[in-house]
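Engineer: Mind looking over this structure? Questions follow.
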Amino acid sequence: MPVITMTLGADQIDQKQKNEFISSVTQSAARITNIPEQSFIVFIEQLDPDNVGVGGLSLTEKRKLA
């Protein structure tokens, strides 16, 4: 089964946008690859800014400093 993964920050898209992404990317991938839509798995991973570090600081800390 083909797997499509999208990683975002927390709260970057709402449920309606997630549903649209899943539908759209599945349809496009199926059309391009000639693999049935029913074979695709789509994961949307949302990362909390406390769990992402850049330059030695969490994104939460970096935002506070900005």
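Engineer: In nm, give the distance between the simple-model label positions of GLN27 and GLU45, each being 7 Å from the Cα along the Cα-to-Cβ direction.
Structural biologist: Result: 2.7 nm between the two label points.
Engineer: Same structure, new question: Label GLU20 and ALA66 with points 7 Å out from Cα along Cα→Cβ: what is the distance between them in nm?
Structural biologist: My value for the distance between the label points is 2.3 nm.
Engineer: While we're here: So if I take the alpha carbon set of the chain, get Rg, then get Rh from the Kirkwood formula, what is the Rg over Rh ratio?
Structural biologist: 1.15
Engineer: Let me ask something else. With +1 on each Lys and Arg Cβ and -1 on each Asp and Glu Cβ, and nothing else charged, work out how big the dipole of the chain is about its Cα centre, in Debye to the nearest 20.
Structural biologist: The dipole magnitude comes to about 160 debye.
Engineer: Loop only by DSSP, 10 or fewer other Cβ within 10 Å of the Cβ. Give me the GluC sites (Glu not before Pro) in the chain that pass, ordered by residue number.
Structural biologist: Taking the chain and a limit of 10 other Cβ atoms within 10 Å, no loop GluC sites (Glu not before Pro) are found.
Engineer: State the extension gain, in nm to one decimal, for the chain segment bounded by ASN34 and VAL3, taking 0.36 nm per residue of separation less the distance between their alpha-carbons.
Structural biologist: Here the answer is 9.7 nm.
Throughout, read-outs are computed from the coordinates displayed, never taken from laboratory work. Owing to the predicted nature of the structure, the values given are computational and were not obtained by experimental measurement. Methodologically, a virtual Cβ is constructed for each residue, glycine included, from the backbone with ideal geometry; neighbour enumeration extends over all protein chains shown.
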